[in-house]
């Protein structure tokens, strides 16, 4: 079959992690270049996502409101060429630890499979890419909520490909190289070795016969064959293929945890607690921030379990977690050492005070016996004995603690 006959319905979900300036309670200002998302579309989207999140994460986790999704608006797109997305719907996922992820949906009408074109759209360094167009508008909002005009963490795009007429096997047979190229966001024209393509296509996380799901360091892909009774339109609704959503929710948690770990590491590097109480508060904040990393979704399904396990390695979460724990251990050691030193110094001065006082009282007793009627002389002996004994104890004990 010729490649130009392979028609797909592409949808892209772009994830950008950021650090918020404070507790996020919603968007305060409207931006001229942002249109409102139609109320019925935003409501449907939120309801569907909430339903899937409850299945994956559990009702208790959802009720804790550790993660909240906020609709921002719709950005009109142009300059991308024919059969390209014409708009992007923007949402924000805020995490209670002070980080967030921009979630941006772009749906294109049915078109021929064209991986090189999509790689160009997803290129975060090109001024002609969809990323550049989006951030010309988003930079204003991002500056307001994070203090920076651009994202400060991870950029991770997901590609959803629906095949309205063909089985997946034909797409993989014709475009196996291009699928791996899109997965890696590789703009080179040099072909991959056949073993590399075979290996990557064999790393399929989807459990359904009609789907394939892939994950790499620079993005993810989910491909689905047409489902019965699925709606057909020139601008397909990405939620019509809900089997993609568990993969999306899992990857979003991974991107959020990447931001949480980076935030905690920077916090530990920037601010060293000055007391045990501050250290305890910091440890509580670290433990609270890492609840998702501790495996909240690993028992949901085999697919989410595998994606979580491999995603932690691919996105460097294991290394970041170890770095945070090592940093926290170093801070704990420093605080403990400092606390022990303070305790030793306190014992040092208490020994001097009480030792000198006891010797002073002893001198007073001797002076009273010898100078029975000289009160001033007795007082002088008492003060002198206290001072001399205190200085002597200080000189003797200082060498013991240094």
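We did not get these values from a lab; they are worked out from the coordinates using the rules stated. Fair warning: this is a prediction, and the values are worked out from it, not measured in the lab. Here the Cβ positions follow ideal geometry from the backbone for every residue, glycine too, while neighbour counts run over all protein chains shown.
Of note:
- With the simple model of a label 7 Å out from the Cα in the direction of the Cβ, residue 207 to residue 140 spans 4.6 nm.
- Footprinting exposure proxy for 136, 69 (fewest neighbouring C-beta atoms within 10 Å first): 136, 69
- By the beta-carbon count within 10 Å of each Cβ, the least crowded to most crowded order of 44, 31, 11, fewest first, is 44, 31, 11.
- Rounded if a/c under 1.5, otherwise prolate or oblate - region 80-142, Cα gyration tensor axes: prolate
- Using distinct alpha-carbon pairs, which all enter the 1/r mean, Kirkwood radius of region 3-243 in Å: 19.0
- With a Förster radius of 22 Å applied to the C-beta separation of residue 117 and residue 76, the computed FRET efficiency comes to 0.65.
- Label point 7 Å beyond Cα of residue 187 along Cβ direction - residues of region 111-142 with amide nitrogen under 17 Å: 115-135
- Region 43-117 and region 249-273 have their alpha-carbon centroids 21 Å apart.
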